[in-house]
Amino acid sequence: MNINDVLENSLRTINTQLGRDKTCRFVQYFAKFIVPTIAAQGPQNNELKEKLEKLGGNMSLTRKVLRFGKPIPLIKGIIDRIAEHQKKPVRMFLWRILSDLFLILYFLTDHPLYFQRVGLVKMEKDLVSKIDYYNNVAWFINASLDIICDLVDLMAIQKEIKILVSQINSSYILKQRATQKSKVDSSDQSAVSDYKSKMKNLQMQHFLKLLSIIRSSVDIPVIFHFMGSEKVSSQLAGFFGTISSSISLYNLWGK
């Protein structure tokens with residue numbers, strides 16, 4: 001990959017709302033990850049520590065702004081999924097809808113938290129804590145449902161790969177027999193080539209689905225951190241958040 005490819009992929013990523021969100025998320029969590037290490041090196045790094053904390057906070061606020069309007073494509077996605085399910089059964093239909101509904105709830109509960117932080121509204125501390133708690137609960141349920149759905153999809157892809165391997169082996173045997181008879185059928189060669197193309201596509205789907213499971217899984221301890229768990233430190237949450245953000249950026253890269 002040359003410099004032009006890097007620039008093209010970077011532009012495609014940053015020119016989308018999701019790409020900007022995930023880029024800010026990476027910076028936010030990476031800052032959260034390295035701040036404790038910098039602070040531990042002594043008071044001479046206090047200024048740098050404060051700057052990184054401010055940077056992370058600004059990234060968090062920027063992401064809250066980028067979340068406005070995000071429920072709209074999710075609602076459309078639910079409507080489209082229902083229409084598709086009426087024509088042909090969709091795998092994990094209800095589970096996917098529930099996941100999207102909790103993600104919508106996560107975005108909607110995030111808006112008043114943003115208004116509170118920028119001073120547009122004033123709410124009691126207890127109310128802010130409750131909204132923040134339900135916001136994280138919605139995120140947790142969404143992530144958990146995504147893991148379940150992705151695991152089912154992963155097993156379905158693995159099953160498809162096994163079937164395709166069997167078909168490839170069968171086609172290969174037929175081709176070998178034809179070769180022994182000095183009669184190579186061009187349709188057999190085309191079938192083998194088609195099988196290999198399908199296999200490559202399925203293997204990529206399997207890889208991306210596995211990445212999705214890892215991404216959602218490493219988000220779980222981050223959620224527990226924001227819910228006040230003492231078992232997940234700020235640095236550990238930053239570490240897992242950086243991994244999750246990196247996977248998200250990888251999935252967007254080159255699209």
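Every number in this text was worked out from the coordinates using simple rules, so none of it is lab data. Every value quoted in this text rests on a predicted model; they were computed, and no experiment measured them. Cβ atoms come from the backbone with ideal geometry, glycine included; neighbour counts cover every protein chain shown.
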For the stretch 196-255, how many residues meet the condition of being without any contact (Cβ under 8 Å) to a residue 40 or more places away in the chain and either in contact with a strand residue (DSSP E or B) (Cβ under 8 Å, 6 or more places away or on another chain) or assigned to a loop (DSSP other than H, G, I, E, B) (or both)?
-> 5
Pick out the one residue from Leu108, Leu120, Leu145, Leu55 that is within 28 Å of Leu210 (Cβ to Cβ) and either out of contact with any Lys or Arg (no Cβ under 7 Å at 6 or more places or on another chain) or part of a helix (DSSP H, G or I) (or both).
-> Leu145
Are any residues in the stretch 82-96 surrounded by fewer than 17 Cβ atoms within 10 Å (Cβ to Cβ) and either out of contact with any Lys or Arg (no Cβ under 8 Å at 6 or more places or on another chain) or part of a helix (DSSP H, G or I) (or both), and if so, which ones?
-> Ile82, Ala83, Glu84, His85, Gln86, Lys87, Lys88, Pro89, Arg91, Phe93, Leu94, Trp95
Kindly check whether there is at least one residue in the stretch 114-130 that is over 29 Å from Ser229 (Cβ atoms) and touching a His at 6+ places or on another chain (Cβ under 9 Å).
-> no
Does Thr23 satisfy being polar (S, T, N, Q), touching a residue at least 60 places away in the same chain (Cβ under 8 Å), in a helix (DSSP H, G or I) and within 22 Å of Ser244 (Cα to Cα)?
-> yes
Only listed residue being under 20 Å from Asp153 (Cα atoms), out of contact with any Phe, Trp or Tyr (no Cβ under 9 Å at 6 or more places or on another chain) and of a type in the set (Phe, Trp, Tyr), chosen from Phe93, Phe26 | Phe93
